[in-house]
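The block underneath contains the structure these notes are about, expressed in structure tokens.
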Amino acid sequence: MNQRVKEKLEILSDAAKYDVSCSSSGSNRKNTKDGLGNSSGMGICHSYTEDGRCVSLLKILLTNHCIFDCAYCVSRRSNDVKRAAFTVQEVVDLTINFYRRNYIEGLFLSSGIFKNPDYTMERLVRIAKELRTQHKFNGYIHLKAIPGASDELIHEAGLYADRLSVNLEIPSEMSLKKVAPEKNYGDVYKPMNYLAETITGFKEEQKAIRRAPKFAPGGQSTQLVIGATPEKDLQVLNLANDLYKKQNLKRVYYSGYVPISSDERMPALKQTPVVRENRLYQADWLMRFYGFGVDEIVNDHHPELDLELDPKAAYALRNPERFPVDINHADYEVILRVPGIGVRSAKKIVAARKHGKLRMEHLKKIGVVLKRAKYFITCLDKDFIFLGKQPELIRQAFLQPTRSKVAANQLNLFA
Amino acid sequence: MILTYDGTFSGLLSVVFEVYRLKITVSKIVPEDEWQSNFFDQATYVETDSAWADRVRKGIEKKASKKIANTLYQCFLSEQADISMLLFNFIQKLFDSPSDISDNYGDDTVLRIHQIKKKIGREVHRMHAFVRFQRTKDDIYYAVIEPDFNVLPLLPKHFLDRYPAQKWLLYDSQRRYGVYYDLHKTTFITFEDDERLQYRQLNESVLDQSEPEYQILWKSYFDSVNIPERRNMKLHLQHVPKRYWKYLSEKRQQF
């Protein structure tokens, strides 16, 4: 047993785990007859850690040596941690052997910056290239685009990787400067914009020429650290919305700040803001799959997400004039806005009502959460005793069973 | 009338054909080996006829879609006690209605079919996720499964797409058959004596010498990516119910 590889693996996966991106979906790489692996469509979570997060990729840093000193980062120069670095061969070997045993969907490779950005990026690219060309590996590869690396290297990375990501980390430039004085938004946006443009360009090309090469077919993503700096949800979600619209990002990840750092530039949080993180993901889903505009979720009157209610329920209670919704006639988009009805249920409703009008009992069987939906809908039934209630009363009803739990959580958070 | 068949999907579709051909009123359909005759009930055995089965399948595809025909096959593998009759009822509804009723989620039969299909899909997905191959001395990647439903026939395609250049064997230790890929084709296989195949963790003497090392590396990777500050066992169990832990070498305590 190579004890050294095991130790490196422990150090460099421990250092990589605060990057929450785990997705292995959204790409479309087919296998070849003598190749290894594919990454077509749906992602697979091969395991789950005890914190409930999915393990889909071999997520490691190439090294945790770093010339930067960002307060939020466990690998910062001034932090006293064990340092290690993989060789190219070691990463390739682990990826191939884990993949063959069906442990993983592929590789997520990030790195601390050693020497300079180009030097670091060049090694990440080399690993991806070796996997793709020498080992005919067609599984998922997610690479970090290192801010400050040359366009040429970023470009080459895109030819081998399924997804690339550049992390903004801190949701405003002002805060970023405070916790990471060596960084600025311009450096991060530069590779992001380059990727956005190139990905679009290659897609156009693929429409014209079927066998055109792929460039990061799984798109690009980024991560925002939540709770380490004072930005409100309004700012966070508007930033995310911009990133989806302008940079065409596939995903924005929100990572509740884990108080790993004893750096005095960081707040002394007792606990990771997991509830807030969860609400942000729900809001993100509303923007991407439910047709919500960002200002319908947060705005100047409501700059923070309601921690006690999911953002769709909060929206419904703020806009009682938009309800009730007639399940048997309303458009799909309108049904999708009802609390307790998700994408699947909404689609089933629209399909089933062609065959006959629906009642509450049908909705229940289809999978609608009536406990929430009943305050906002009408259907073929005659009695709607739950309609016209004051939003405050509905809110009470929503909170009843879990109230004490949520309150306890929040108290801990800010204690 | 009570009808029995050979327990295959083609057999069941042959029953459907026979019912329409002879205009029979059916009270019950059961696989022959599950049928227990008694004094009052007499069962009639319907011979499997692949041409008939094919015509019924085509009929389903025409009236609904290929996807629904596949859905019915997947539901058939669920081994639910009344699955033969449920599938028959669905097909009858489909054939007797002027329109395609396969998305009428307001109908109990239709809805149940979709619910069972969802369960099967979930189990297939879990097999894609939780299978852990062990490399043997003769270079076969080997894994034992005990799925909740008889989903083995649905698995080869996925693993074939992924691993066309390595030999692999998936063995259902409960239903006592497996599927083997020899670099050319996949074959369903049974063993007269499968005692050794019952063990999830193969003996070190038959494993490739690097195998234990990778299992340990994987376990140490799994342990170090956990964030203890975020421990959430409820969520963990929701994703990996305890009955699947046996598959996961990383959850084993001893190495």
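Every read-out reported here was derived from the displayed coordinates using simple, explicitly stated rules and does not represent laboratory data. Just so you know, these numbers come straight off a predicted model, no measurement behind them. Neighbour counts are summed over all protein chains in view; Cβ atoms, including those assigned to glycine, are modelled from backbone coordinates with ideal geometry.
Projecting label points 7 angstrom from Cα along Cα→Cβ for A:Lys245 and B:His239 puts them 3.3 nm apart. Amide hydrogen proximity for B:Tyr177: with H placed 1.01 Å from N in the peptide plane, the residues at 5 or more positions away or on another chain lying under 5 Å are B:Asp172.
Separation of segment A:181-258 and segment A:36-80, taken as the distance between their Cα centroids, equals 18 angstrom.
Considering only alpha-carbon pairs that sit under 8 angstrom and 6 or more positions apart, the relative contact order computed for chain A is 11 percent.
Less than 5 angstrom separates the built amide H of A:Ser25 from those of A:Gly43, all sequence-distant by 5 or more or on a different chain. Summary value for segment B:38-170: 20 percent relative contact order, contacts being C-alpha pairs under 8 angstrom separated by 6+ residues. Each part gets one Cα centre, and for segment A:5-26 versus segment B:226-255 those centres are 17 Å apart. Per residue, the convex hull around the alpha carbon atoms of segment A:274-357 comes to 90 Å³.
Between the listed residues A:Gly52, A:Cys73, A:Leu107, the Cα displaced farthest toward the positive end of the dipole of segment A:34-123, a dipole computed from Cβ unit charges relative to the Cα centre, is found at A:Cys73. For A:Ser255, the residues 5 or more places off, or on other chains, whose built amide H falls under 5 Å of its own are A:Leu224, A:Val225, A:Ile226. Exposed loop GluC sites (Glu not before Pro) only (DSSP loop, at most 13 other Cβ atoms within 10 Å): please give the longest stretch of chain B free of them, not including the sites. The longest such stretch corresponds to B:80-191. One quarter of the surface of the convex hull around the alpha-carbon atoms of segment B:110-247 equals 10.6 nm², the direction-averaged projected area. In this structure, B:Asp100 and A:Ala268 have a Cβ-Cβ separation that, at R0 = 56 Å, corresponds to a calculated FRET efficiency of about 0.35. Against the main long axis of the alpha-carbon atoms of chain A, helix A:3-14 sits at an angle near 40°.
Looking at the protein assembly as shown, the DSSP beta bridges with both ends there are about 30 percent antiparallel.
Applying Stokes-Einstein at 10 °C and 1.306 mPa s to the Kirkwood radius of segment B:50-183, computed over alpha-carbon pairs, gives a translational diffusion coefficient of 96 µm² s⁻¹. Its Cα gyration tensor gives segment B:2-123 an equivalent ellipsoid. The semi-axes, each the square root of 5 times an eigenvalue, are 23, 17, 14 Å from largest down.
Evaluating kT/(6 pi eta Rh) at 4 °C and 1.567 mPa s, with the Kirkwood radius of segment A:254-313 over Cα pairs in the Stokes-Einstein relation, gives 100 µm² s⁻¹. Karplus-based coupling profile of segment A:100-116, in residue order and whole Hz: 4, 8, 6, 7, 9, 8, x, 10, 10, 10, 10, 6, x, 8, 10, 6, 8, with θ = phi - 60° in 6.51 cos²θ - 1.76 cosθ + 1.60 and x standing for Gly or Pro. Spherically averaged projected area of the convex hull of Cα atoms, segment A:137-201: 4.9 nm². If you model segment A:3-290 as an ellipsoid using its alpha carbon gyration tensor, with each semi-axis the square root of five times an eigenvalue, the axes come out at 28, 23, 19 Å, biggest first.
With contacts taken as Cα pairs under 8 Å at a separation of at least 6 residues, segment B:131-251 carries a relative contact order of 25 percent.
Rounded to the nearest 500, the helix-only mean residue ellipticity at 222 nm of chain B stands at -13000 deg cm²/dmol, with each DSSP H run of n ≥ 4 adding -39,500 (n - 2.57).
For the protein assembly as shown, give the magnitude of the charge dipole about the Cα centre (Cβ charges: +1 Lys/Arg, -1 Asp/Glu; no others), in debye to the nearest 20.
Computed about the Cα centre, the dipole is about 820 debye.
Evaluated with a Cβ-only charge set (Lys, Arg +1; Asp, Glu -1), segment B:135-209 carries a dipole of roughly 280 debye about its Cα centre, given to the nearest 20. Taking trypsin sites (Lys or Arg not before Pro) across segment A:1-73, the ones in a DSSP loop with at most 14 further Cβ atoms lying within 10 angstrom of their Cβ are A:Lys30, A:Lys33. Sparsely packed loop sites in segment B:1-63 (the trypsin sites (Lys or Arg not before Pro) outside DSSP H, G, I, E and B with at most 16 other Cβ atoms within 10 Å) comprise B:Lys23. Taken over the C-alpha atoms, segment B:60-111 has Rg and Dmax values of 10.4, 30 angstrom. The phi torsions of segment A:280-296, fed into the Karplus equation with coefficients 6.51, -1.76 and 1.60 and a -60° offset, translate into couplings of 5, 4, 4, 5, 4, 4, 4, 6, 8, 10, 10, x, 7, x, 4, 6, 7 Hz, rounded to whole numbers, with Gly and Pro shown as x.
Along segment B:114-127 the Karplus relation, 6.51 cos²θ - 1.76 cosθ + 1.60 evaluated at θ = phi - 60°, assigns HN-Hα couplings of 5, 5, 5, 4, 5, 4, 4, x, 5, 5, 4, 4, 5, 5 Hz to successive residues, with x for each Gly and Pro. A Förster radius of 30 Å, combined with the Cβ-Cβ distance separating A:Phe289 from B:Leu160, puts the computed FRET efficiency at roughly 0.40.
Using only alpha carbons, segment B:175-255 has a radius of gyration to Kirkwood radius ratio (Rg to Rh) of 1.06. Pick from A:Met174, A:Met121, A:Met266 the residue whose mean-square fluctuation is largest in a GNM of chain A, springs joining Cα atoms under 10 Å. Maximum among the listed residues: A:Met174. Using just its DSSP H runs of length 4 or more, each adding -39500 (n - 2.57), chain A gives a mean residue ellipticity at 222 nm of -12000 deg cm²/dmol after division by all residues.
For segment A:37-164, report the % of Cα-Cα distances exceeding 21 Å. Roughly 42 percent, once rounded to a whole number.
For segment A:311-414, divide the Cα radius of gyration by the Kirkwood radius and give the resulting Rg/Rh value with two decimals.
Over the Cα atoms of segment A:311-414, Rg/Rh equals 1.02.
Please work out whether the protein assembly as shown counts as rounded, prolate or oblate from its C-alpha gyration tensor, where a ≥ b ≥ c are the square roots of the eigenvalues and a/c under 1.5 means rounded, while otherwise a/b larger than b/c means prolate and anything else oblate? Oblate is the answer for the protein assembly as shown, as a/c is 1.5 or above yet b/c matches or exceeds a/b.
Loop-located trypsin sites (Lys or Arg not before Pro) across segment A:92-122 with a Cβ neighbour count of 15 or fewer within 10 Å are A:Lys115, with loop assigned by DSSP. Two-decimal Rg/Rh of chain B from alpha-carbon positions, Kirkwood Rh? Looking at chain B, the ratio lands at 1.05. Over all other residues within a Cβ to Cβ distance under 9 Å of B:Val110, the charged ones net out to -1, with Lys and Arg as +1 and Asp and Glu as -1.
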